[in-house]
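S.K.: Encoded as structure tokens, here's the structure I'll be asking about.
What follows draws every value from the coordinates through simple rules; no lab data is involved. Keep in mind the model is a prediction, meaning the values are calculated, not measured. With ideal geometry, Cβ positions are generated from the backbone for all residues, glycine too; neighbour counts draw on all protein chains shown.
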């Protein structure tokens, strides 16, 4: 028959697991941000950097052919969340207008 642990031991074990999981997730996210993900090049003469993944969203910046962006998320229904390398601004672009 399994041995039963006191409630405080269970709570401490759970807290340790949660802290470890949060620490690992934070390090993984920080490493991803530091590495930045894949760098793509704008392939359109003018590409709007938008606040959200929709053509009805406000434009936050203009990107131009040859500008570099770091892709932060996988393709989401034709959109990438990106960070402009030159300015550090983040937003969304249509994925078909950027490439490696």
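S.K.: Order of 70, 82, 98 from fewest to most other C-beta atoms within 10 Å?
M.R.: 70, 98, 82
S.K.: Right, another one. Give me the one-decimal nm value for the distance between modelled label points at residue 75 and residue 87, 7 Å along each residue's Cα-to-Cβ direction.
M.R.: For the pair residue 75/residue 87, the computed spacing is 2.6 nm.
S.K.: Let me ask something additional. Which three numbers, in whole Å and largest first, are the semi-axes of the equivalent ellipsoid of the range 39-99 derived from its Cα gyration tensor as √(5λ)? Walk me through the numbers on the way to the answer.
M.R.: Working: eigenvalues 41, 30, 24 Å².
So the equivalent ellipsoid measures 14, 12, 11 Å along its semi-axes.
S.K.: A further question follows. Describe numerically, in nm with one decimal, the distance between label points set 7 Å from Cα along Cα→Cβ at residue 54 and at residue 100.
M.R.: 3.3
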